[in-house]
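Input: a single structure, listed below in C-alpha cells.
The values are calculated or read from the model by the stated rules, or taken from the named source; none is laboratory data. Since the model is a prediction, treat every value here as computed from it, not as a measurement. Note that each Cβ is placed from the backbone with ideal geometry, even for glycine, and that neighbours are counted across all protein chains shown.
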Amino acid sequence: MNDAIALKAEGLYKVFGRNAEAAVDKLRAGTPRDQLGGATAAVIDASFEVMRGEIFVVMGLSGSGKSTLIRMLNGLHPATTGSVEIGGEPITATSPKRLREVRRTKVSMVFQHFALLPHRTVIDNVAYGLEIQGMGREERIARARKVTEIVGLAGWEEKHPGELSGGMQQRVGLARALAADTEVLLMDEAFSALDPLIRRGMQDQLLELQTELGKTIIFITHDLNEAMYIGDRIAVMRDGRIVQIGTPEEILTDPANDYVEQFVQDVDRAKVLTAESVMRPARAVVHTGAGPRAALTLMRDEQVAGAYVVNRDRSIVGWVRDRDVFDLVRKGSTDLTPAVKPDHGAVPADTALADLFIPSLEAALPLGVVDHRDRLVGVIPRVTLLAALGGEPEAAATASPRPDPLPTEMVDQLLESAVGAGAADAKEAR
Amino acid sequence: MDIRIPVGSWIKDFFDWLEDTFSWLFEALRQLFIWMFDAVDWVFATPPALVVIALVAAAALLARGWRFALGSAIGLLFIMSVNQWDNAVDSLALVLVAAFLAVVISIPLGIWAARNDTVSAVLKPVMDFLQTLPAFVYLVPALGLFRIGVAPGIIATLIFAMAPGVRLTELGIRGVDKEVVEAGQAFGAHPRRILRQIQIPLAMPSIMAGVNQIIMLSLSMVVIAGLVGAGGLGGDVAQAISALNVGLGFEAGLSVVVLAILLDRFTASFGKGLGLYSRWRRAAVAKKEADEQARFDAELVEVGGPRRSPGAGGGGGSL
C-alpha cells in the first residue's frame, strides 16, 4: 500500500436495473452501452488513483456518470463490481457498520444543492459531522466555530440556512465537510448552482483552503473551465467511461481522442496554459562577467537588439540593449555593468497566458520567464504567445519571420536622392 | 346462466372463524377501547361545561390567537345551549381515542412504507380498499366482533380514518430532499438517526396534514358509529332519522359542525407558528440564538479574529 495514495478505485462498474451482473459481463465482452437490454450502465470500468493533497476533478456532461461515480466512492451507491479503497480501507464489500465508520472518519462530502438541515442553525449544521462522530456538544461547537470562521462565516453561526445566500449556504456545506476533518473531500458539482461571480470566489477560496489544509479533494463538475482552473488532474468522462486522465495542460495540448478534443475546443486556453508550457529556450543571454565585446558579438550572431543578463547561477539581473553595448565597446570599456537595465519584466513560470499579454507588450525583448528561484528558464516571443492561443504552439516555429526593415541609412539615402521634400516626413514617421 | 360466487358466505365464514379463534383478543381490545373512551370522556365530562369551554378557549388562544379563542367559545356555548353538551363530549372522546389510535398505527406504517418499496406496494391497495369500501360495511363485522357499544364505533372509525395518515406520512418522508438524506448517510449517520433527525422533522408538515385528515375523517365516521350504539351526537342523529325529527337532527348536526371546525383548526395549527405559544417559543429561541451569537462575537473581538461582523459584510466578502 502506497502511503501517497489517498483513494484508489479499480474496475468500478455501476449498472442499474435487472441482471446487473450479466450486463457487466456483456460490457466486459465489448457490448456497447446501448445494447444491454433493460440494464443501464452508469459507470463502466473506472479505475484511477488520487494522491494525497491532490485536487482530482472528474469532468463530463450530464449523464456521463460522474455523479454516480462520486457516490460510489463513499458507498452511497454500492458498486456493481470493482473496488474502492480510501486510505487503504475498503469501501466496497464491507459491512454497513464499517462503512458508516469510514464515512465518519475518512471521507466527507459537499453537495450540489448544499443539502443543509434547514431546521438547524449554521453552527449546528457545521457541527453535524462531529455530532455523528459522537463528539460532546461543547467540543464540537468549539471546533465548528473555528471552521465557520475559516470559511468566512463568523457572525452567522446562529442563523438558519434559509437566511443565507446561495454562496454562503455552500460555504456552510463546505465547512460541514471540513469540520468532520476527514482526509478525503468529495465535492459533487459543489459550485454549479452558484452565480458565476460567486462561483469564482468559491473556487479561489477552495484553492486557498486546500493549500492551507492539504486535503485530498475529488471534485465533480461539468464546467471545463472550472475543471481546468482548480484541478491538479482531470478525468474526462463520457457515456460512463473515463476517456482520459491527465493534468489540465495534458488534456488541452494532447487530447486522447476526438471527443476530448472537441470538448476542450472552447476552453479558455489563456487561463489554463502557463508561461512554462509555451516558453522557448532563451538564446540571447549573457553572463554578468562577460565583457561588452562578447555581448555585442552574441547579439550580432543571434540577430537581436538586446539580451538578458544573468548571474552564474542563471538568476536574472537585467537586460542590455545593443546600442548601449555598442557605445561601451567604442569607449573601450571592459565592464558590461553600466549598460545593464534592471527592469527586465520577467514573469514567473506558472503565470497564466492571460496575464502575459501586458508584460509582453511592455518588454523590449521576448518576455523572460523565471522559476521560483528567479533563474531565467526561457523566453516567450510574442509570436509564440499568439500561436499558443491559436491552439498550435508549434506554429510559432514555422511562422514566417517578420521581414526585417531595410537599414535606415539605405532608406534615407534613397529617399533623399529621389524626392528631397519627402525625406523629412519619412524621418518623422520613424 | 347462473354463476353465483359465494363471496358473502366466505367472508362470513372468515369472520366467524376470527370470532371463534381470537375472541379473547377482541374482548381485550374491547375492554381497552372502552377504558380509553371512559378516561377521555371523564376528563371532559367531569368539570362543569363552562370551565371546559374556558379551558378550550384558552388553548385556542395559545394555538391560533384571540379570534379562534372567541369563535371556539361561541361554538361551544351554542352546543351547550341546544342541550347537546353531553353528546358532544361523548363524540369528542370517541374521535380523540379513535384518532389517537389511528395516528399511532398509521405513522409507523407510513414510515415503514416510505423505507420499503414492497411494503409500500402492499399497503397502497389495502389503503385504497379500506378507504373506498362503504363505511357502513365495516360496522357489521365490527358489531359481530366487538358487540354493540363504543368499541365497534372506535374500531370502524379507526380503520376508516387510518388511510390518509399512512399515505401522507409516506409521501412526506419520500418527499424529503434526497440530497439532505444523502448528506446524513455521507457523514455516516445510522438510518434510525437519519429518520429521527432529518426525515421526520422535514416531513412534519405532511405528517401533520395526515393527522389533521385522520381527525376529520374520524369525526365524519362518528355519526355513522351512532348507528351501532356508540352514542354521542351520532346517536341523536340516528334517532332523528328514525323519528323524522328535523329539529333534533339539525341541533345534533350543527354541533357536529362546530366540533369539526374546532378540531380542524386546532390540528391545522400544529407547526404553523400561529398563536401565543408559538410567539413565546419563537421569542425564546431567538433570544437564545442571539445570546449565543453575542457570546461568539464577543469572544471573536477578544481574540481579534481576522474575519468578523456579518453586518459589515465581513462574512459575505465578495460573495
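So here's what we get for this one:
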item	result
Complete set of residues in segment B:229-245 that are assigned to a helix (DSSP H, G or I) and farther than 17 Å from residue B:88 by Cα	B:241, B:242, B:243
The one condition in (1) in the same structural domain as residue A:68 (by TED's automatic domain parsing); (2) crowded, with 21+ Cβ neighbours inside 10 Å that residue A:153 fails to fulfil	(1)
Residue list for segment B:27-39, restricted to those being surrounded by fewer than 19 Cβ atoms within 10 Å (Cβ to Cβ) and either within 22 Å of the chain's Cα centre (by Cα) or not acidic (Asp, Glu) (or both)	B:28, B:29, B:31, B:32, B:34, B:35, B:38, B:39
Restricting segment A:30-51 to residues that are at pLDDT 85 or above and among the aliphatic types (A, V, I, L, M), the residue that is surrounded by the fewest Cβ atoms within 10 Å (Cβ to Cβ)	A:51
Residues of segment A:121-160 classified as facing chain B (nearest Cβ under 7 Å), touching a Pro at 6+ places or on another chain (Cβ under 9 Å) and part of a helix (DSSP H, G or I), total	1
Meets criteria (touching a helix residue (DSSP H, G or I) at 6+ places or on another chain (Cβ under 9 Å), on the phi < 0 side of the Ramachandran plot, small (Gly, Ala, Ser) and at pLDDT 85 or above) for residue A:346	yes
Among (1) assigned by TED's automatic domain parsing to the domain that holds residue A:252; (2) assigned to a helix (DSSP H, G or I), the one test that residue A:175 misses	(1)
Of all residues making up segment A:165-201, the number that are within 21 Å of residue A:154 (Cα to Cα) and of a type in the set (Ser, Thr, Tyr)	1
Residue check, residue A:233 among the charged types (D, E, K, R), farther than 22 Å from residue A:184 by Cβ and surrounded by 15 or more Cβ atoms within 10 Å (Cβ to Cβ)	no
Residues (part of a loop (DSSP other than H, G, I, E, B), touching a residue at least 60 places away in the same chain (Cβ under 8 Å) and not aliphatic (A, V, I, L, M)) located in segment B:111-153	B:147, B:149
Residue B:223 vs. criteria in contact (Cβ under 8 Å) with a residue 12 or more places away in the chain, within 14 Å of another protein chain (Cβ to nearest Cβ) and surrounded by fewer than 24 Cβ atoms within 10 Å (Cβ to Cβ)	no
Yes/no for residue B:160 being at pLDDT 90 or above and crowded, with 19+ Cβ neighbours inside 10 Å	no
Criterion (out of contact with any Cys (no Cβ under 6 Å at 6 or more places or on another chain), in the same structural domain as residue A:260 (by TED's automatic domain parsing), of a type in the set (Gly, Ala, Ser) and in contact (Cβ under 8 Å) with a residue 40 or more places away in the chain) met by exactly one of A:29, A:41	A:41
Residue A:212 surrounded by fewer than 20 Cβ atoms within 10 Å (Cβ to Cβ) and within 14 Å of chain B (Cβ to nearest Cβ)	yes
Selected residue (criterion: farthest from the chain's Cα centre (by Cα)) from residues of segment A:72-92 that are farther than 20 Å from residue A:41 by Cβ and of a type in the set (Gly, Ala, Ser)	A:88
Matching residues in segment A:95-120 - criterion: being more than 8 Å from chain B (Cβ to nearest Cβ) and among the charged types (D, E, K, R)	A:97, A:98, A:106, A:120
